[in-house]
Amino acid sequence: MNYFDVLFSPAIIMATLIYTFMAITFELMYTHFLHRLKDTASTHWVAQHIGVPFFHVLLLVCFIYMSYPALYGLDAQLSNGSVVPSLPQLLNAHSGQTMKLINTIFVISVILPLIPIINRFSALILPFQAMAGSAVLYGWLSEFSQISFVIVPSYTVLILIIVFSAIAEFMAQRLAIFLETHIRHPYQAKAMQKIIHKSTLLILQVPILLIYTLNLG
């Protein structure tokens, strides 16, 4: 399947709709939660700098699991002719690995901001997290089905990811400013812009992630 066949496939659309609902709900609830913690500096810092990234990781892992195997452009058979294993089969073969996957992506979210060039372009953090998570799952698939894959993207794929990440950041910022002034809401202007911006960025990871996952095999 080509890029647009996968992007508009029923499995990806359904996973994206559920993921979108979860992302928006999380941002609304967590913004309210952080507001209630504003008078407790230490707890607020932990919730904002550890809690938020951790829940973003959970959202990404949920989407990766929900969209498997369509996320990789797979249907019923692999390139070697074997049947594509179901997600429960992969998880049973790698029992207890989901928590390690979550921890790995979370550590990446902590380490990446320490890299100067990425810290200056924070829009790359979510795509790299999603890429890491999808690569791990595809690694399980390759081990289970004895197929080869390339974890490091080509220069062309990497450039596309960077360009589309920049576009996603721009769109999220513009949409946040536009919607904040055109919809009624109980939040302060900056708080609402932040909710829309983060929710939009999470949602726009889907087309960016597909650029990577469709080039793994």
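Remarks
- Restricting region 1-49 to residues that are among the hydroxyl-bearing types (Ser, Thr, Tyr) and over 22 Å from Ile196 (Cα atoms), the residue that is surrounded by the fewest Cβ atoms within 10 Å (Cβ to Cβ): Ser42
- Restricting attention to region 113-141, the residues that are surrounded by fewer than 17 Cβ atoms within 10 Å (Cβ to Cβ) and in a helix (DSSP H, G or I) add up to 8.
- Counted residues, region 66-99 - those being within 13 Å of Ser145 (Cβ to Cβ), free of Cβ contacts under 8 Å to residues at least 60 places away in the same chain and β-branched (Val, Ile, Thr): 1
- A residue that is in a helix (DSSP H, G or I) and under 20 Å from Leu204 (Cβ atoms) can be found somewhere in region 30-50.
- Members of region 112-142 found to be under 17 Å from the mean Cα position of the chain (by Cα), among the small types (Gly, Ala, Ser) and modelled with pLDDT of 85 or more, listed by number: Ala130, Ala132, Gly133, Ser134, Ala135
The values are calculated or read from the model by the stated rules, or taken from the named source; none is laboratory data. On a predicted model such as this, the values are computed, not experimentally measured, just so you know. Cβ coordinates were reconstructed from backbone atoms using ideal geometry, including for glycine residues, and neighbour counts include every protein chain displayed.
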